[in-house]
1. Sequence-distant or interchain residues sharing an amide H contact under 5 Å with THR70, placed H: which?
2. Can you give me the relative contact order of the range 3-148 as a percent, contacts being Cα pairs under 8 Å and 6 or more apart?
3. Could you compute how fast the range 99-165 diffuses translationally, taking Rh as the Kirkwood radius over C-alpha pairs and applying Stokes-Einstein at 4 °C with viscosity 1.567 mPa s? Give it in µm² per second.
4. If packing is taken as the mean number of other Cβ atoms within 10 Å per residue, what is the order of 50-58, 118-126, highest first?
5. Any chance you could run the full-extension gain for HIS40 through SER144? It's 0.36 nm times the residue separation minus the Cα-Cα distance, nm to one decimal.
6. Say a site is exposed when it is one of the trypsin sites (Lys or Arg not before Pro), sits in a DSSP loop, and has at most 12 other Cβ atoms within 10 Å; what is then the longest site-free stretch of the chain?
7. What ³J(HN,Hα) values, in whole Hz, does the Karplus curve 6.51 cos²θ - 1.76 cosθ + 1.60 give for the range 86-99 when θ = phi - 60°, with x put for Gly and Pro?
8. Taking the Cα of HIS165, stepping 7 Å toward and past its beta carbon, and measuring to each backbone N in the range 90-107: which are under 20 Å?
Amino acid sequence: MKKPVIFNVLRIIRGTTVDGPGFRTSIYLAGCTHRCRGCHNPQSWDPENGEATSLEEIMEIVEEEDFDVTLTGGDPLFEPDKLEILLKELKKNRRNVWIYTGYKWEEIIDSPRLQRVVALADVVVDGPYQEELRDRDLRFRGSSNQRIIDVHESLETGKICLSRH
């Protein structure tokens, strides 16, 4: 019998429009080492926070809502091996997936492990939140240093290609 994949989920927001284009299901995962000053979600830093939630439970909610998905937290890349399993399931179900991470794209590309995982997503919003660069007028980002990156185009061209969102 296969061991269930368990995620510590802080919350799942159904039908949100702030974490990417259109209505989305946003999944907030626990665990983050970036510890950004002014973080709006510092309880996400502790990987033990949240509710133990199985892959099946997450997918049930995603299918019930029938929206595209945003993975945030915390930092979804905190546990890349688990994230890879979740991303494969989401892509099997033809979901557009955004990932918010404190890692910069250059750090992701320098890590074969992170690059392999991120390649399964459609968009990455990269970079740590920087309180001094906060801008309430930015769409889908908290601070102006963060970029909305088209994953597939960036990997194909070998250079950062910003998403049109």
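The values are calculated or read from the model by the stated rules, or taken from the named source; none is laboratory data. Note that the structure is a prediction, hence the values are computed from the model and not measured. Note that we place each Cβ from the backbone using ideal geometry, even for glycine, and neighbour counts take in every protein chain shown. Areas reflect the complete protein model, heavy atoms only, side chains present, ligands, DNA and RNA absent. Shrake-Rupley method; radii C 1.70, N 1.55, O 1.52, S 1.80 Å.
1. THR25, SER26, ILE27, TRP98
2. Relative contact order for the range 3-148 comes out at 22 percent.
3. 107 µm²/s
4. Answer by packing, highest mean first, reads 118-126, 50-58.
5. 35.9 nm is the gain from fully extending HIS40 to SER144.
6. 38-93
7. So the J values, rounded to whole Hz, are 5, 4, 4, 5, 4, 6, 4, 8, 6, 8, 6, 10, 10, 10.
8. 90-106
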